[in-house]
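The values are calculated or read from the model by the stated rules, or taken from the named source; none is laboratory data. Keep in mind it's a predicted model, so treat the numbers as computed, not measured. Cβ atoms come from the backbone with ideal geometry, glycine included; neighbour counts cover every protein chain shown.
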Amino acid sequence: MSASALTPGVDSPTWPAEFAERYREAGYWRGETFGGVLRARAAAHPDRIALVDPAPERRTWTYRELDERADRLAAGFAARGIGRGDRVVVQLPNTGEFVEVVFALFRIGALPVYALPAHRDTEIGYFCSFTEAVAYVVPDVHAGFDHRALAARVRKEAPGLRHVFVAGDPGEHTALSDVPCDPGQRPLAGPEPHELAFLQLSGGTTGVPKLIPRTHDDYAYSLRGSNEICGVDADTRFLVTLPAAHNFPMSSPGWLGVLHAGGTVVMCPRPDPATAFPLIESERITMTGLVPPLALLWTDAAAGGTGHDLSSLELVLVGGAKYSEQAARRLEPALGCRLMQVFGMAEGLVNYTRLDDDPETAVTTQGRPISPDDEIRIVDDTGTEVPDGAFGHLLTRGPYTIRGYWRAPEHNARSFTQDGYYRTGDIVRRTPTGHLVVEGRAKDQINRGGEKIAPEEVENVILAHPAVHDASVVAVPDPYLGERTLAYVILRQGADPLKAAAVKRFVRERGIAAYKVPDLVEFVDAFPQTGIGKVSKKQLRSSAEQH
Ligand code: OOB
């Protein structure tokens, strides 16, 4: 138990007191905790359906059942010594268990560390050791991959990891179904609203992913703001199509936003139209969120006639990567619902187009901020603000944008200005209506259809190959994903020639999320250099565009 880990400012910078005061006075931070919100919804509407997990057999949870289940699971975690401030890596697919586990952890003030189902040994090992996690929650087998075996490997490297809980057949570990116990009369010492709620993952630009500390107060504000903009209420039936651990399907407005409003959340096991369309029909889904490649796929699938009744669908949110104007124009007619673009980041700031924006704005911009107190600066390379309409680097601070990553002081010094603005790494311009248009990116990150890849992380894996002298990973434009990855590789002198496939296999076998395995590998003799002798990614990117 390490309660101090919950206190903002201990493991990461937090809002200065005068800002916190202002955000409270303005009514943004209202003293809510997620555990408390669920309790209140359960008291007000005990029998309303909160959660549906349709696969393999349809299961439902009323608000009362979800609340009780979270209590019992929380009591079981507490009985096993998990408590306030402890970190727990949660790697569950889109299932009811995901929501139960997360609310149980909220209730005891333990911090979920959200891993994606695609993460493998490299990422999970890092999350467990870096956060000094005491527990790791996994499915048994998901998408053909045995997470129990991964957990066993990780456990050897992370001695602080005391528990592995498995949803399903536990193998050598503990079954999640054995954890719940009678909460008894003793109330759990839950978190305070100003304390940390969880650690979210950043897309990353460095060799290791950064962790994002979000508080109950700040996140709850982004949920309420998102709900208002998207028109979420108790009648909303939201399909969680993207991985539930990602910030977009969690909070924009996401499953947490919809639960906050007392609506119904339906977990979608896979995002393809063949899985999602029948669910939209049978569950009368009103709203979902998609990344651009999926939006394209759904639009194409629907345009040909689906054989499914999608008429309940009112709103589809698209974000995570740039959505082309042409694709955006096709969505509403094909799916018969409204489109809203979202430009957000797990660090905080979220922009939405609005339902009452004129149709052109909705297809040509990425929206405007949730809050009147989201401060936006668009600056040139010297840090000077550019006039409206001109491109520049987007900097932001506000009532739900972090002031620093978790335990990363050196990185924070680069990623935040002295006065607390987050350097998003995005290049944007502002329209006269205050909407932002994303024009590009200055950060060294690849956006593969919304999945973010830090080139350095992949380069480090390739460099571990004995035949490799150097590696540089860049983005290649792709009509479907927006970007794919290309690894330029220099072999060691005298090394046996390698095939591209062997490099990809090596990366995969080192245990890294499949979406980070380079799509293309090209062998070169040398990298172009900048004036001071650094690898010129800019030149590499422009040669990559020839692909
Ligand atoms: C969302 O969050 P992250 O943390 O995975 O990625 C944030 C980055 C942004 O800095 C930007 O580079 C890119 O993803 N991005 C977009 C975009 N939405 C995100 N680039 C262009 N157009 C868009 N609409 O991706 C995220 C978090 C909350 C809501 C929505 C997306």
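Quick rundown of the values:
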{"quantity": "Residue match in segment 284-299 (condition: touching a His at 6+ places or on another chain (Cβ under 8 Å), crowded, with 17+ Cβ neighbours inside 10 Å and β-branched (Val, Ile, Thr))", "calculated": "no"}
{"quantity": "Residue among Ala261, Ala189, Ala234, Ala175 that alone is closer than 28 Å to Asp140 by Cα and away from the ligand (no atom under 16 Å from the Cβ)", "calculated": "Ala175"}
{"quantity": "Filter pass, Lys499 being surrounded by fewer than 16 Cβ atoms within 10 Å (Cβ to Cβ), without any contact (Cβ under 8 Å) to a residue 12 or more places away in the chain and closer than 20 Å to Gly207 by Cα", "calculated": "no"}
{"quantity": "All positions within segment 105-132 that are of a type in the set (Gly, Ala, Ser) and within 23 Å of Asp11 (Cα to Cα)", "calculated": "Gly109, Ala110, Ala115, Gly125, Ser129"}
{"quantity": "Of all residues making up segment 307-324, the number that are within 12 Å of the ligand (Cβ to nearest atom) and either closer than 17 Å to Glu483 by Cβ or not hydrophobic (A, V, I, L, M, F, W, C) (or both)", "calculated": "7"}
{"quantity": "Contacts under 8 angstrom Cβ, first residue in segment 218-233 being touching a residue at least 24 places away in the same chain (Cβ under 8 Å) and over 19 Å from Pro193 (Cα atoms), partner surrounded by fewer than 22 Cβ atoms within 10 Å (Cβ to Cβ) and of a type in the set (Gly, Ala, Ser), 6 or more apart", "calculated": "Asp233/Gly262"}
{"quantity": "Odd one out for His246, checked against (1) more than 11 Å from the ligand (Cβ to nearest atom); (2) at pLDDT 95 or above; (3) not basic (Lys, Arg)", "calculated": "(1)"}
{"quantity": "Which listed residue, of Gly494, Gly449, is at positive phi, away from the ligand (no atom under 16 Å from the Cβ) and surrounded by fewer than 21 Cβ atoms within 10 Å (Cβ to Cβ)", "calculated": "Gly494"}
{"quantity": "Answer residue from segment 494-515, given it is more than 15 Å from Glu459 (Cα to Cα) and outside any helix (DSSP H, G or I) and is farthest from the chain's Cα centre (by Cα) among those", "calculated": "Gly494"}
{"quantity": "Set Leu313, Leu317: member being buried (at least 22 other Cβ atoms within 10 Å of the Cβ) and assigned to a strand (DSSP E or B)", "calculated": "Leu317"}
{"quantity": "Selection status of Pro117, within 26 Å of Thr60 (Cβ to Cβ) and touching a Gly at 6+ places or on another chain (Cβ under 6 Å)", "calculated": "no"}
{"quantity": "Residues within segment 336-347 that are within 9 Å of the ligand (Cβ to nearest atom), of a type outside the set (A, V, I, L, M) and in a strand (DSSP E or B), tallied", "calculated": "3"}
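Let's see how each residue does on (1) without any contact (Cβ under 8 Å) to a residue 60 or more places away in the chain; (2) outside any loop (DSSP other than H, G, I, E, B); (3) within 12 Å of the ligand (Cβ to nearest atom):
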| position | (1), (2), (3) |
| --- | --- |
| Leu331 | yes, yes, no |
| Ala334 | yes, yes, no |
| Leu394 | yes, yes, yes |
| Tyr400 | no, no, yes |
| Gly404 | no, no, no |
| Gly425 | no, yes, yes |
